[in-house]
Amino acid sequence: MEKADFYHALKIENDRCIGCTHCMKECPTGAIRIQDGKALIHKDWCVDCGECLKSCPTEAIYVEQDDFQRIFDYKCRVALMPTVFIGQFSKYTTEKEIISAVMELGFTHVFQVEFTADMIHKEMVRQMENAEEKPVISSFCPAIVRLIQVRFPALVDNLLLVKAPVNASATYYHKVLEGEGIPSEEIGIFYVTPCAAKIAALKGAEGYSSTIKGVINMDTLYNKAYHILKNRSGGYEPECELPPPLTKKEMRWSQTGGEAKHFSGRCLAIDEIHNVIDFLERMETTSEVRNVDFLELRACDRSCAGGVLAVANRFLTAERIMKRSMNRDKVPMIYAADNFEALSYLKQHITIRPVQPNPKRLYDGTIDEMLKKMEQVRKLMCYLPGIDCGACGSPNCQSLAEDIVRHEAQFSDCVFMQRNMEKHGKLDQEHAFRIVERTWGKDRLNKDCYKKGAKYEGL
Amino acid sequence: MLFKFELEGGNFSKVGYASSQIKKVLKQLAIDPRIIKRVVVALYEAEVNVVAHAWRGTVVAKLDADKISLELKDEGPGIPDIPLAMSEGYSTASEAVREMGFGAGMGLPNMKKNVDELTIESQVDVGTTVRMVTWFNKKGA
């Protein structure tokens, strides 16, 4: 089977990581372990949803981004900006003010990600009409695409093969700028991302370097832009050219329900990755989910408004986008602009290649060998306490048993088993202590008054 | 490898537990997804049957390297006429069960369609035993 090589944008800063197990317990694919007191991410199982980052109390998990100064490598510097960025600001800041601040940071153009949503929608409808299997699943959210590859590989053929708005708009706008006579190598399109999954998908995809030259985290750009806005004197009138306005549908495309609303038949919109997993599990096992035609699945609660790199509260962001998108023109500007060449180029390049399954495999070998390993896991489970404390460095007892069978952990990693083994004289105290140190790091069991919640925290 | 699950007559909120557990195991074994789907559909329908008609029952799943054998044994009213029960659209489900979206008379026919072997033994007012076998290396029925 062809295996997709996953690029990951989520990184762990070992100096900050205190091996607290929060991320390990939150990970929806069970991809995190603790070793030597630090969290480790299993690369093949991670889907870049960002749940670990959200749960980290020490900000040890971060999203790798490109150096902001890199935009100055290009003469023509484009900020490819999603609607969610506008939603970071309250209604008292106009779109013009926001965009002028971003331009002041050094961008020569600001272009909106959802500008191509109507074209994408048309292609999705076309594919849906020809789909043999229902429900079709939107490929909008890259964390969901990976989740399906890893945990629901049988559903890869249900995915609609169309570019995400960021890719479609980069393709389109690059062509527009070329049409204006700007040489390709002078065009630097930088995407402002609300999440890690988008970065991972962009950097892992073909054609990344040809249209999108880099990624800027939304919180970084927000801080820079907000700083400019705060320091403007009263009565300041921004002067800059605005990108073509978006329609209501385009502005709401990345919101929960933004896609589902525009398809015919039974359409469901589900957000938050655990909700999605729960729904897909049900869909695979019961006949409760019947006659559904279209699924819009998003990894974050409130979709992109809830992205890990968004600064504002997700409910406020969603509400602001709803408000700002009211009373808008209904005709997408993409057809009104005279960029027919770019439009027809996008039409020809709007699809993506079929998505390959990349199932999470616990064991190698023949069915016989795998069955034996599963039997071993069941035997181990007879002894493990089943309270899923995580003190062994695996997310739960079941995972520890599987790790043991894969020779990635030991029975004595379980603190309950250590007590048992000590009682029966199979393990001495010193040895038990060394085992705990191996999982939790050397000085982990020492008194530390500077740790979170302790009396000198922050001193 | 053996798995056993209990079923409780009338408790539709729990129905599907056995099929979802079995699905997870088959996925881990990297069984062809099309075969997994068929096994899971058949087992789910069988679970629904027990919950809809019987008082209580058990599911025993036996997993071998080449096949999965499922046995659903229940204490219940039994099936007086098995060939009639096997025909599509025939149902003895109560109004209450139909209101929950079950009881379309497709259970047994659907099970038969999705497994390689199906046998039914039943005694009126005592109970029913359904046995199903699916082979992993055999291409679709």
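The values are calculated or read from the model by the stated rules, or taken from the named source; none is laboratory data. Note that the structure is a prediction, hence the values are computed from the model and not measured. A quick note on method: Cβ atoms are made from the backbone with ideal geometry, for glycine too, and the neighbour counts reach across all protein chains shown. For the accessible areas, the whole protein counts, side chains as well, though only heavy atoms, and no ligand, DNA or RNA atoms are used. Shrake-Rupley method; radii C 1.70, N 1.55, O 1.52, S 1.80 Å.
When you scan the stretch A:358-372, do you find a residue that is more than 12 Å from chain B (Cβ to nearest Cβ) and aromatic (F, W, Y), even just one?
no
Mind checking which residues of the stretch B:93-103 are more than 10 Å from every other protein chain (Cβ to nearest Cβ) and open to solvent by less than 70 Å² (accessible area, probe 1.4 Å)?
The answer is B:A93, B:S94, B:A96, B:V97, B:G103.
Pick out the one residue from A:R353, A:R361, A:R320, A:R378 that is closer than 30 Å to A:L177 by Cα and of a type in the set (K, R).
So the residue among A:R353, A:R361, A:R320, A:R378 that is closer than 30 Å to A:L177 by Cα and of a type in the set (K, R) is A:R353.
So which pairs qualify, if the first residue must be in the stretch A:447-459 and more than 17 Å from A:R16 (Cα to Cα), the second must be assigned to a loop (DSSP other than H, G, I, E, B), the Cβ gap must be under 6 Å, and the two must be at least 6 apart or on different chains?
Hits for this filter: A:K455/A:C449; A:Y456/A:C449; A:Y456/A:Y450.
Can you find a residue in the stretch A:316-326 that is open to solvent by less than 40 Å² (accessible area, probe 1.4 Å), closer than 23 Å to A:A196 by Cα, in contact with an Asp or Glu (Cβ under 9 Å, 6 or more places away or on another chain) and away from every other protein chain (no Cβ under 14 Å)?
No, every residue in the stretch A:316-326 fails to be open to solvent by less than 40 Å² (accessible area, probe 1.4 Å), closer than 23 Å to A:A196 by Cα, in contact with an Asp or Glu (Cβ under 9 Å, 6 or more places away or on another chain) and away from every other protein chain (no Cβ under 14 Å).
Checking the conditions here, which among A:I32, A:I86, A:I71, A:I18 is touching a Phe, Trp or Tyr at 6+ places or on another chain (Cβ under 8 Å) and surrounded by 15 or more Cβ atoms within 10 Å (Cβ to Cβ)?
Answer to the selection: A:I71.
Can A:P57 be described as assigned by TED's automatic domain parsing to the domain that holds A:I34 and either over 16 Å from A:V215 (Cα atoms) or touching a Pro at 6+ places or on another chain (Cβ under 9 Å) (or both)?
The answer is yes for A:P57.
Given the conditions (1) touching a Lys or Arg at 6+ places or on another chain (Cβ under 6 Å); (2) of a type in the set (V, I, T); (3) within 30 Å of A:R419 (Cα to Cα), and given that A:V377 satisfies all but one, which numbered condition is not satisfied?
Of everything listed in (1) touching a Lys or Arg at 6+ places or on another chain (Cβ under 6 Å); (2) of a type in the set (V, I, T); (3) within 30 Å of A:R419 (Cα to Cα), A:V377 misses just condition (1).
Determine, yes or no, whether A:G204 is crowded, with 17+ Cβ neighbours inside 10 Å, in contact with a strand residue (DSSP E or B) (Cβ under 6 Å, 6 or more places away or on another chain), farther than 19 Å from A:D301 by Cβ and small (G, A, S).
No, not satisfied.
Any residue that is among the charged types (D, E, K, R), in a loop (DSSP other than H, G, I, E, B), surrounded by fewer than 14 Cβ atoms within 10 Å (Cβ to Cβ) and in contact (Cβ under 8 Å) with a residue 60 or more places away in the chain - is there at least one of those in the stretch A:349-356?
Yes, because at least one residue in the stretch A:349-356 is among the charged types (D, E, K, R), in a loop (DSSP other than H, G, I, E, B), surrounded by fewer than 14 Cβ atoms within 10 Å (Cβ to Cβ) and in contact (Cβ under 8 Å) with a residue 60 or more places away in the chain.
Test each condition in (1) within 26 Å of B:V40 (Cα to Cα); (2) in contact with a helix residue (DSSP H, G or I) (Cβ under 9 Å, 6 or more places away or on another chain); (3) assigned to a helix (DSSP H, G or I) for A:F279 and report the one that comes out false.
The number of the failed condition is (2).
Being surrounded by 19 or more Cβ atoms within 10 Å (Cβ to Cβ) and either in a loop (DSSP other than H, G, I, E, B) or within 14 Å of chain B (Cβ to nearest Cβ) (or both) is the filter here, so list the residues in the stretch A:288-311 that pass it.
Result: A:A299, A:C300, A:R302, A:G307, A:V308, A:L309, A:A310.
Any residue at all in the stretch A:358-374 that is of a type outside the set (F, W, Y), within 25 Å of A:V136 (Cβ to Cβ), open to solvent by less than 50 Å² (accessible area, probe 1.4 Å) and touching a helix residue (DSSP H, G or I) at 6+ places or on another chain (Cβ under 7 Å)?
Yes, because at least one residue in the stretch A:358-374 is of a type outside the set (F, W, Y), within 25 Å of A:V136 (Cβ to Cβ), open to solvent by less than 50 Å² (accessible area, probe 1.4 Å) and touching a helix residue (DSSP H, G or I) at 6+ places or on another chain (Cβ under 7 Å).
Any idea which of A:A269, A:A337 is of a type outside the set (K, R) and either at pLDDT 95 or above or open to solvent by 70 Å² or more (accessible area, probe 1.4 Å) (or both)?
Within the list A:A269, A:A337, the selection yields A:A269.
Output yes when any residue across the stretch A:383-399 is within 30 Å of A:E437 (Cα to Cα), outside any loop (DSSP other than H, G, I, E, B) and either within 14 Å of chain B (Cβ to nearest Cβ) or among the basic types (K, R) (or both), and no when none is.
Looking for residues that are within 30 Å of A:E437 (Cα to Cα), outside any loop (DSSP other than H, G, I, E, B) and either within 14 Å of chain B (Cβ to nearest Cβ) or among the basic types (K, R) (or both), one finds at least one in the stretch A:383-399, hence yes.
Can you tell me which residue among A:T116, A:T171 is touching an Asp or Glu at 6+ places or on another chain (Cβ under 9 Å), assigned by TED's automatic domain parsing to the domain that holds A:A342, in a helix (DSSP H, G or I) and of a type in the set (S, T, Y)?
Exactly one of A:T116, A:T171 is touching an Asp or Glu at 6+ places or on another chain (Cβ under 9 Å), assigned by TED's automatic domain parsing to the domain that holds A:A342, in a helix (DSSP H, G or I) and of a type in the set (S, T, Y), namely A:T116.
Please tell me if B:T128 is among the hydroxyl-bearing types (S, T, Y), modelled with pLDDT of 80 or more and open to solvent by 20 Å² or more (accessible area, probe 1.4 Å).
Answer is no for this residue.
Of all residues being of a type in the set (S, T, N, Q) and in a strand (DSSP E or B) in the stretch A:186-237, which is farthest from A:Q356 (Cα to Cα)? Just the residue, please.
Applying the filter and picking the extreme gives A:N217.
Working only within the stretch A:95-113, note down all residues that are farther than 30 Å from A:S138 by Cβ and either free of Cβ contacts under 8 Å to residues at least 60 places away in the same chain or not in a loop (DSSP other than H, G, I, E, B) (or both).
If the condition is that a residue be farther than 30 Å from A:S138 by Cβ and either free of Cβ contacts under 8 Å to residues at least 60 places away in the same chain or not in a loop (DSSP other than H, G, I, E, B) (or both), then A:K96, A:E97, A:S100, A:A101, A:M103, A:E104, A:G106, A:T108 are the ones that fit.
Okay, residues lined up against (1) of a type outside the set (D, E); (2) in contact (Cβ under 8 Å) with a residue 60 or more places away in the chain; (3) within 30 Å of A:P153 (Cα to Cα); (4) more than 10 Å from chain A (Cβ to nearest Cβ):
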{"site": "B:G9", "(1), (2), (3), (4)": "yes, yes, no, yes"}
{"site": "B:I22", "(1), (2), (3), (4)": "yes, no, yes, no"}
{"site": "B:I35", "(1), (2), (3), (4)": "yes, yes, yes, yes"}
{"site": "B:A46", "(1), (2), (3), (4)": "yes, yes, yes, yes"}
{"site": "B:A54", "(1), (2), (3), (4)": "yes, yes, no, yes"}
{"site": "B:L70", "(1), (2), (3), (4)": "yes, yes, yes, yes"}
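Looking only at helices (runs of 4 or more DSSP H) that lie completely in the stretch B:33-121, which have at least 1 residues being over 16 Å from the mean Cα position of the chain (by Cα)?
B:33-53, B:82-85, B:95-99
From the residues in the stretch A:328-348 that are touching a Lys or Arg at 6+ places or on another chain (Cβ under 8 Å) and in a helix (DSSP H, G or I), which one is nearest to the other protein chains (Cβ to nearest Cβ)?
Ranking the candidates gives A:L346 first.
So in the stretch A:223-266, with the set limited to residues that are of a type in the set (F, W, Y) and open to solvent by 60 Å² or more (accessible area, probe 1.4 Å), which one is nearest to A:Y172 (Cα to Cα)?
A:Y226
Restricting to the stretch B:56-68, give me the number of residues that are under 18 Å from B:W135 (Cα atoms), more than 8 Å from chain A (Cβ to nearest Cβ) and among the aliphatic types (A, V, I, L, M).
The total comes to 3.
Considering only the stretch A:238-254, I want to know if a residue exists there that is assigned to a loop (DSSP other than H, G, I, E, B), touching a residue at least 40 places away in the same chain (Cβ under 8 Å), among the polar types (S, T, N, Q) and in contact with a helix residue (DSSP H, G or I) (Cβ under 7 Å, 6 or more places away or on another chain).
Yes, the stretch A:238-254 contains at least one residue that is assigned to a loop (DSSP other than H, G, I, E, B), touching a residue at least 40 places away in the same chain (Cβ under 8 Å), among the polar types (S, T, N, Q) and in contact with a helix residue (DSSP H, G or I) (Cβ under 7 Å, 6 or more places away or on another chain).
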